[in-house]
Amino acid sequence: MEALVIEGGKKLKGTVRISGAKNAVLPIMAASLLTDEECVIKNVPKLRDVKTMLMLLEELGVEHRWERDTLILKASKIKNPVAPYDLVKTMRASVLVLGPLTAREGYAKVSMPGGCAIGERPIDLHINGLKQMGVEVDLEHGYVVAKNKPQGGLYVFDKVTVTGTENLVMAASLAPGETVLENTAQEPEVWDLIAVLRKMGAKIEKLNGNILKIQGVDKLSGFEHEVMPDRIEAATFLIAGAMASEKITVLGAKKEHLTAVLAKLQQCGVRIEDVEGGLKVYGCERIRSADMETFPYPGFPTDVQAQYMAMMCIADGTAVITENIFERRFMHVAELRRMGADITVEGKRAVVRGVKKLVGAPVMASDLRASSSLVLAALVAEGESKISRIYHLDRGYEAFDEKLRKLGANIRRIKE
C-alpha cells in the first residue's frame, strides 16, 4: 500500500498539462473489439484503470504495443469472449466489452462490474437495451451472459447513463437495420467515442435533443484517434489553483467542456482567464460559498462534487451541495471533518460551513474523486496530512502527485 504525505500551506504556481481522459479512453479501447484491424489510440494516460482494461482485452485475445503515449491494439480474433470476475471486479468500465463482444461474436460472458463504492450503479439499462435489440441475456452465477447478435431496434433509457449509452451505441454499430436510442448521455467522452466509431465507418446521427440514430454496417475498420483531454482532471486543477495557488496555467483545459464548473467557480469569486491552449486560474483569497447541484452533462459533474466540497470547506459562508447522481457519494465527508471541516449531511444534501482553516490529519480515500478532494484539502491545511489508500487516485489521475510537486506542492509518496 502507498500513501501521500502533504505539508500544507505551499503556494502553487506554474503550468500543468492535462492528460488524456480516463472516461474517454476506456470505451475507445473497448471499441477495438469491433474490428480485426489495427487501432491506434494517442494521448493515452498511464492509469491503473487503463492497465486493467488492457489486461482484460488481452484476456479476450487483443494484441497490443505501446509507443510512448500511443497504444496500438489489434483484435484479429476473439479467442475467449469471457470477461472474468478477477479483472472486472476492480473497474466498472469493464462492462463496456459487453456490447462490442455481443455485436462481433454473438456471445459474451461478462462478470457483474465493480469499481468505486459510491452507490448503486446497476447495468440493467445495458441489459434491457440489448434485449430490446433481440439479444438473449441471462444472469448466471454473477455473470451476464449474452447470446445472439443484436438487431436494429428502438430503446428509451429510463435514465441517462454514460456507459449504457456507449455500450448500446457500439453494439448497434454492427447491428443489421436501424437502431434509435432515446434519452442518451451527451457527455464529451461519449462523443469522443462516437467520433472514433465514425472513423471506423459507423453511421451515427444525432436527432433532436438526446436521440441517436445508428444504421448498422457489415464491417468496421481500424482507426487512429487522439483522446480528448480529461475534463475532470482539468476541473480538479482549476479548483486546486483557486484554493492554493498564486496562479497556475492548466494546459488542455477546454472551456466548452467545463461550462458548469467555470460558471460556479466564477460565482465563488475565482478569476479565470483564457490562454493559448488552456485556462489560467488565480488563487482566491476570499472564496465565496455557493450552493451546487450535480446533474448529467452539461450540468455540474458528479465527478467534481468532492473537489468542490473541499473548496467550500474554506469558503466564506455556507453552501448546500446536492448530489443527484449517486446516493453514497459523500463518503469523503467524514475524512474532511477529521481535518476540521464543518459539514452536515442530510440525505442527498451536504451543508458545508466554511472554516478559517483546515488542519493536517491522517485520512483515508474511499473512492477516486474522494481521494483528490482530500489532496486539495491537504494542500491548504495547516501542518502535515497523510492520505492512505491512494490506489483509488492512481485509477484516474496520471502522476497527480508529480504534477503537484512541479507546481510547488510539498508532497511525497511513501510505502505504508
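The values are calculated or read from the model by the stated rules, or taken from the named source; none is laboratory data. Remember, it's a predicted structure, so these values are computed and weren't measured experimentally. Counting neighbours? That spans all protein chains shown, and the Cβs are built from the backbone with ideal geometry, glycine included. In case anyone asks, the SASA skips ligands and DNA or RNA and just uses the protein heavy atoms, side chains included. Shrake-Rupley method; radii C 1.70, N 1.55, O 1.52, S 1.80 Å.
So here's what we get for this one:
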read-out	value
Highest to lowest packing among 318-331, 270-283, scored as the average C-beta count within 10 Å	318-331, 270-283
3J(HN,Hα) from dihedral phi, the range 56-70, Karplus parametrisation 6.51/-1.76/1.60, rounded to Hz, x for glycine, proline	5, 4, 4, 4, 7, x, 7, 8, 8, 8, 9, 10, 6, 9, 10
Protection proxy ranking, peptides 5-17, 302-314, average beta carbon neighbours within 10 Å, highest first	302-314, 5-17
Within the chain, helix-based [θ] at 222 nm, where runs of 4 or more DSSP H residues each add -39,500 (n - 2.57), nearest 500	-9000 deg cm²/dmol
Cα-based shape type of the range 369-416, given that a ≥ b ≥ c are square roots of the gyration tensor eigenvalues and the cut on a/c is 1.5	rounded
Label-point gap, in nm, between residue 79 and residue 414 - each point 7 angstrom along Cα→Cβ	4.4 nm
Accessible surface of the range 207-360, 1.4 Å probe, proportion on carbon and sulfur as whole %	47 percent
Cα gyration tensor shape of the range 318-359, rounded if a/c is under 1.5, else prolate or oblate by comparing a/b with b/c	oblate
Point-charge dipole on Cβ atoms (K/R +1, D/E -1) for the range 240-289, about Cα centre, debye to 20	200 debye
Bins of 20 Å from zero: percent of alpha-carbon pairs in the chain	28, 55, 17, 0
Estimated distance in nm for a label pair at residue 355 and residue 2, the labels positioned 7 Å out from Cα along Cα-to-Cβ	2.9 nm
Per residue accessible area in Å² of the range 340-407, where ligands, DNA and RNA are left out and the probe is 1.4 Å	37 Å²
Among 278, 358, 306 the positive-end extreme of the charge dipole of the chain (Cβ point charges)	358
Set of aspartates and glutamates near residue 415 by C-alpha distance (under 13 Å), chain-local residues within fewer than 8 positions excluded	2
Set of lysines near residue 89 by C-alpha distance (under 16 Å), chain-local residues within fewer than 8 positions excluded	51, 109
Residue pairs, from the table 131/203; 10/42; 13/264, whose Cα atoms sit over 25 Å apart	10/42
Beta bridges per DSSP with both ends in the range 273-416, % antiparallel, nearest 5	60 percent
Of 159/348; 254/386; 159/213, pairs whose Cα-Cα distance is over 20 Å	254/386
Long-range HN-HN contacts of residue 12 with modeled amide H, under 5 Å	245, 246
The range 312-328 - phi-based ³J(HN,Hα) in whole Hz, Karplus 6.51/-1.76/1.60, Gly and Pro as x	5, 4, 10, 7, 8, x, 10, 10, 9, 9, 10, 9, 9, 9, 10, 7, 10
